[in-house]
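The block underneath contains the structure these notes are about, expressed in C-alpha cells.
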Amino acid sequence: MNSIQTRMILLCVSLILLTAFAMQLSHGWFIHKHNQQQIREQVANAAYFLHQYIDSRETNLHYATRVIIQDFGFREAVATNNVPTITSMLTNHAGRIQADLMLVLNDNGELIAANELDFPLSDLADINWLAVHGISQQGQFVEINNRLYRLFSVPINAPHQVAISIIAFEINAPLLEELKLKTGLDIVFESTQTDLFLTTLPIHKAEFDHLLQTTNEPDLWWQRSQFLLEEVKLKNVNKQPIQLFLLADLSIFHRVFDRLNYSLLGLTLFIVIISVVLSTLLAKRLANPLSHLYKDLIYRATHDHLTTILNRHAAIERITEELARSRRSDKIYCVALCDIDNFKKINDTYGHASGDEVLRRFASRLKSTLRSYDVLGRFGGEEFLVALQLKPEEATASFERLRSVIADTPIPSGSQLIPVTMSCGVCLLWPEEPVPPMDVILHAADTALYRAKEHGRNQVIFTHVPTFPVVEADIDDKIEL
C-alpha cells in the first residue's frame, strides 16, 4: 500500500472518527444538559414544597396559638406572673396543637414559663431571646439542646403587650423521612459549628462534609458526582450557622446516560470498520492516478522545466543537507556557481530556441560528468549551481574536467554548432571549520565567478569564505586556457 492509499484511508477514517466524536460529544452534552435541567427543576420544586410545607404548619400553629393567648385566664396568669398556671396551660395547649415547644418571655427576653420538656429549662437560658423580637410572625430555625426547631413569636397583649409567646415544632428524622417521600429528594440539616446533623442519608457528618467537597469538583464522565447538591439559605437566630441541603440522586440518570453512550460507541465502532473497508477499496481505485499526479507535482516543484535538473530552491536545500553530512568526513566540500559565457550573444546570434537548446545540452553534459550524489541545479538564467565533495587534491582536476567538457565540444542546435564556454567561481569549505550561512557561501562563489569573468572567462576561480582566508596550497587560485 503506497503513501497515497495510506493517506486516503487515514483521511476517511479521521473524518468518520471526527464526525462520530462530534456526535458523541454533542449527544452527551445535550443529554447531560437535559438531565441537569430536569434535576434542577425537581430540586426547585422540592425546595418550594419544603418551604410551603413548613410555612403551612407554621401558619396552623400560629392560628392555634392565638386561641390560648386570647384566653382571659391565660392573659391574667401572664399579667400576674402565675408560673404554674402558665406552665399547665402551655403544656395542655401544646399537646392539642402538636407544638413541641411553647414559651412565655417577658419584655426583657427573660424566660417566664414553658411547656413540659424532656430537657432542663436551663438549656433555654443561654439563648438570646431578645433576638426573637426580630422574628415577629416570620419563622426561623434555631438549635436548642442539639435539636433543630422551627419557631416564631406572637405578642401577648392585655391590652398592651405584657409578654411574648414563642411557639416551635421540632425538625426530626420522622419529619425528614415524610418530606423525602413527598419530594423524592434527600434532605440534610447541619450546623457548621456544633454536632447538629439531621439527614435522610445513611451517613455521618464527616462523610457528608467529604461528599460536600467532592460534589463541588468538576463533573467528569469518568469521575461523576453521585448527588446534585443544592443549598437552601435559612434564617436563624443568634447567628447560628444552620444549613439546609437538598440532594438529588444522580445514579439513575448516570445509568441511562451510560446505556445511550455505549450504544452510540458501538454504532461508532461499526461505522469505523465499514469506513475502513470502503476507504481501502476507494483508495485502491484512486491511488494510482493520484500517486502519479503527486509525484509529478513534487517533480515540478523541485526541478527546472527546461533543463530537468533541480531548481534553485531544491538545489540549495540539497546542498544544505550535504553540508551537514560532510562534517563527518575528511573531504572538502565545494560549492560552485557556473555561468555560460556570452549567453546573451548566443541568444542574439542564434535565437532563443537555440539558447534554450544550449541550456538543455549544457545541463545534460554537466549531469553526465558529475556523480549521482553530486548536486546540480539551475540557479537562474544561464547560471548553474554545482556542489560536490572531494579530496583537497582532486578539486582542481574535477572542475577543470567540467570546464573542458563544455568548452571542448560545441553544442549542436539544428544544423549549427555553437561554441560554448563557462566560467566558475568555487567556494571551498573544510570539514574542521564551522559551516557558514548559505547566503555567505553563495556570495563568496559569486564573487569568485565575477573575478573569472574579469580575467577573460572560460576559467575556474577558487575562493574561500572571507572569514577563513587560508586556501590549500595545491589548489591554484585560477585555472585558465
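The values are calculated or read from the model by the stated rules, or taken from the named source; none is laboratory data. Please read these numbers as outputs of a predicted model, since none were measured by experiment. FYI the Cβ positions are ideal-geometry reconstructions off the backbone, even for glycines, and counts take in every protein chain you see.
A count restricted to the stretch 52-71 and to residues that are free of Cβ contacts under 8 Å to residues at least 12 places away in the same chain, of a type outside the set (Val, Ile, Thr) and part of a helix (DSSP H, G or I) stands at 3. Among residues of the stretch 78-98 that are in contact (Cβ under 8 Å) with a residue 12 or more places away in the chain, those with a Cβ under 6 angstrom from a residue that is part of a loop (DSSP other than H, G, I, E, B), sequence gap 6+ or separate chain, pair up as ALA79/ALA158; LEU90/ASN115; THR91/ASN115; THR91/GLU116; ALA94/ASN115.
When SER364 is tested against (1) at pLDDT 95 or above; (2) in contact with a helix residue (DSSP H, G or I) (Cβ under 9 Å, 6 or more places away or on another chain), only condition (2) is not met. Of all residues in the stretch 23-48, those that are over 27 Å from THR268 (Cβ atoms) and surrounded by 14 or more Cβ atoms within 10 Å (Cβ to Cβ) total 5.
Please state which one of TYR333, TYR294 is of a type in the set (Phe, Trp, Tyr) and under 36 Å from the mean Cα position of the chain (by Cα).
Details: TYR333 fails: under 36 Å from the mean Cα position of the chain (by Cα).
That would be TYR294, the only listed residue that is of a type in the set (Phe, Trp, Tyr) and under 36 Å from the mean Cα position of the chain (by Cα).
Scanning the stretch 130-155 for residues that are within 18 Å of GLU170 (Cα to Cα) and at pLDDT below 70, which turns out surrounded by the most Cβ atoms within 10 Å (Cβ to Cβ)? Once the filter is applied, the top-ranked residue is VAL132. Filtered by the rule that a residue be part of a loop (DSSP other than H, G, I, E, B), surrounded by fewer than 19 Cβ atoms within 10 Å (Cβ to Cβ) and either within 46 Å of the chain's Cα centre (by Cα) or of a type in the set (A, V, I, L, M) (or both), the stretch 166-195 gives GLY184, THR192, GLN193, THR194, ASP195.
Would a scan of the stretch 326-340 turn up a residue that is out of contact with any Phe, Trp or Tyr (no Cβ under 9 Å at 6 or more places or on another chain) and at pLDDT 95 or above? The answer is yes; a qualifying residue exists. Search the stretch 406-418 for residues that are under 20 Å from VAL460 (Cα atoms) and in the same structural domain as SER364 (by TED's automatic domain parsing) and pair each with any residue that is of a type in the set (Val, Ile, Thr) and part of a loop (DSSP other than H, G, I, E, B) when their beta-carbon atoms are under 7 Å apart and the residues are at least 6 apart or on different chains. Once the first residue is under 20 Å from VAL460 (Cα atoms) and in the same structural domain as SER364 (by TED's automatic domain parsing) and sits in the stretch 406-418, its partners that are of a type in the set (Val, Ile, Thr) and part of a loop (DSSP other than H, G, I, E, B) give ILE406/VAL420; ILE406/THR421; ALA407/THR421; PRO410/VAL420. One residue alone among ALA158, ALA163 is more than 21 Å from LEU250 (Cβ to Cβ), buried (at least 17 other Cβ atoms within 10 Å of the Cβ) and over 43 Å from the mean Cα position of the chain (by Cα), and that residue is ALA163.
Applying the set (1) in contact with a helix residue (DSSP H, G or I) (Cβ under 6 Å, 6 or more places away or on another chain); (2) under 12 Å from ILE167 (Cα atoms); (3) surrounded by fewer than 17 Cβ atoms within 10 Å (Cβ to Cβ) to LEU105 leaves exactly one unmet item: (3).
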